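For reference, the structure discussed in these notes is given below.
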Amino acid sequence: MAMIEVRGLTKTFGEVAVLKGIDLTLERGSVLVIIGPSGSGKSTLLRCLNVLETPSSGTIAIGNAGIAFAGGTRVRQADVLQLRRQSGMVFQAYHLFPHMTALQNVMEGQITSLRRPKEEARERAMRLLAKVGLETRADSYPHQLSGGQQQRVGIARAMSIDPQLLLFDEPTSALDPELVREVLKVIRELAQEGRTMIVVTHEMKFAREVADRIILIDEGVIVEEGPPEQLFGSPKQERTRQFLSRIMGD
Amino acid sequence: MSDHSERLWQIFTDSFLPLLHAGVAFTVPLTLISFVLGLLLALVTALVRLSDIPVLSWIARFYVWIIRGTPLIVQLFIIFYGLPSLGILINAFPAAVIGFTLSVGAYGSEIIRAAIISIPRGQWEAAYSLGQTRLQALRRIILPQAARVSVPPLSNSFISLVKDTSLAATVTVIELFAKGQQIVAATYEPMLIYCEVALIYLILCTVLAVLQRRLERYYERFDVR
Ligand SMILES: Nc1ncnc2c1ncn2[C@@H]1O[C@H](COP(=O)(O)OP(=O)(O)OP(=O)(O)O)[C@@H](O)[C@H]1O
Ligand SMILES: [Mg+2]
């Protein structure tokens, strides 16, 4: 069975339909990259998967958790928490907790949401920090770290609750160019380890490299979907061609 | 030294300990108790107002509106002189504590509410995405940061409160200022005694300001964007 199944997902803000029926299937261990113009609904889709936005309708199933959303009916908080804990979110602007050290940031979810004993949480957090190359900065506060380091702590934090799925929303677009590489390197390694990931990015070269599959979203619908060679090499849709020529042009 | 200045010095030194005692025995406890209770009330009021629970948040707004819109001295008079006519008799000291607590609660709730609102939405979302409940996010992520933001304005409230407790004199609490009045009545030296009272307030506030600085420095170990 697929690890992630999304059916008929819609999201409306007031009168504005931002997602207009998204269907997604993702196998365990595969990497999906989402591209698309600004305002097309990429962030909204990721936020719906993490239930930071409540979808207007549709179903989301990740691992063995799932919710069917239907406009108006309240979703149970326990279901929301359960679905949320299936995925770890890496934010564009990091959103590290500024009052906690890097280590505490990576322990926090383990302690409060997984109810892991402190010592075990600390050990695992140290291992995760080592994985992103920051074991020596464990006791630094976020404001003492560079943007690239902060984002790597963000990745370690997202992994700290042992999610089935990692979500990245433009993880490098707030970074200075020289810091982008160190973050992409970490994400690439995670992909090679066989992590299941959904990555929204404007880094096309990187997308091509890590993606098993790419989808292009425009105005809240999936315009085209396919393996990177096909989507970049011989796109079927006119809109895909336009988008790619615009983004490659600059 | 002339007889006159010798007499003044004598009065000054004789009254220093009684005044200091009134400060330490009444002004300081009145301030500390009212402030601690007031902060709790302020936190609850701020959270209730942010919660949008219909009736409760309406009550909270009404309470803040009343307290902020009326003079503290009038509130104290209502509690101490007014309530007995409804059969509610409260001793002077607890009456003053109630009055100051309500005041700190109302002004403090606005400070805390503003501080909570000032924490970026991304902090809530990061907490939620780790699977935290609303309460966990509030307690572990939002409030510690809001506390840091509100330390400077709350410290100001605290120092104002030290001085405002002199109003307790009007409801018969013999705190520092009331003690000064008593001594003036006995010595007929208002200039000397009230300056001495002022000096003791100054000492109390200065000590508190030093403590405040320490607290702020503790919170400055991290940086809230
Ligand atoms: N909370 C909200 N309330 C109202 N409208 C919103 C809200 N969040 C997003 N939108 C709107 O939904 C649309 C899609 O936004 P979204 O952030 O998902 O786009 P995006 O594809 O991530 O764009 P970008 O590449 O610029 O990040 C936009 O038009 C945006 O204005
Ligand atoms: Mg976006």
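At a glance:
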quantity: Qualifying positions in the range A:37-47 - among the hydroxyl-bearing types (Ser, Thr, Tyr) and more than 7 Å from ligand 1 (Cβ to nearest atom); calculated: none
quantity: Hits in the range B:121-176 - residues which are away from chain A (no Cβ under 14 Å) and either more than 30 Å from residue B:78 (Cβ to Cβ) or of a type in the set (Gly, Ala, Ser) (or both); calculated: B:152, B:155, B:157, B:160, B:166, B:168, B:169
quantity: Every residue from the range A:10-19 that is under 25 Å from residue A:212 (Cβ atoms) and away from ligand 2 (no atom under 16 Å from the Cβ); calculated: none
quantity: Per-region count, the range A:183-217, residues among the charged types (D, E, K, R), in contact with a helix residue (DSSP H, G or I) (Cβ under 6 Å, 6 or more places away or on another chain) and either within 16 Å of ligand 1 (Cβ to nearest atom) or within 14 Å of chain B (Cβ to nearest Cβ) (or both); calculated: 0
quantity: Of residues in the range A:48-82 being of a type outside the set (Gly, Ala, Ser), part of a helix (DSSP H, G or I) and surrounded by fewer than 21 Cβ atoms within 10 Å (Cβ to Cβ), the one farthest from ligand 1 (Cβ to nearest atom); calculated: A:82
quantity: Those helices (runs of 4 or more DSSP H) lying entirely in the range A:138-245 with at least 2 residues farther than 22 Å from residue A:43 by Cα; calculated: A:177-192, A:228-233
quantity: Residue count, the range A:75-115 (criterion: under 29 Å from residue A:5 (Cβ atoms) and more than 16 Å from ligand 2 (Cβ to nearest atom)); calculated: 20
quantity: Checking residue A:201 against (1) surrounded by fewer than 19 Cβ atoms within 10 Å (Cβ to Cβ); (2) within 16 Å of ligand 2 (Cβ to nearest atom), the condition it does not meet; calculated: (1)
quantity: Boolean, residue B:163 is surrounded by fewer than 19 Cβ atoms within 10 Å (Cβ to Cβ) and either in a helix (DSSP H, G or I) or not β-branched (Val, Ile, Thr) (or both); calculated: yes
quantity: Top-ranked residue of the range A:96-137 - restricted to ones that are closer than 18 Å to residue A:186 by Cα and part of a loop (DSSP other than H, G, I, E, B), ranked as farthest from the other protein chains (Cβ to nearest Cβ); calculated: A:133
quantity: In the range A:30-56, residue nearest to ligand 2 (Cβ to nearest atom) [restricted to those that are among the polar types (S, T, N, Q) and over 15 Å from residue A:20 (Cα atoms)]; calculated: A:38
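Readers should treat all values here as calculations from the given coordinates under stated rules, not as data from a laboratory. Just so it is clear, the model here is predicted, and its values are computed rather than measured. Methodologically, a virtual Cβ is constructed for each residue, glycine included, from the backbone with ideal geometry; neighbour enumeration extends over all protein chains shown.
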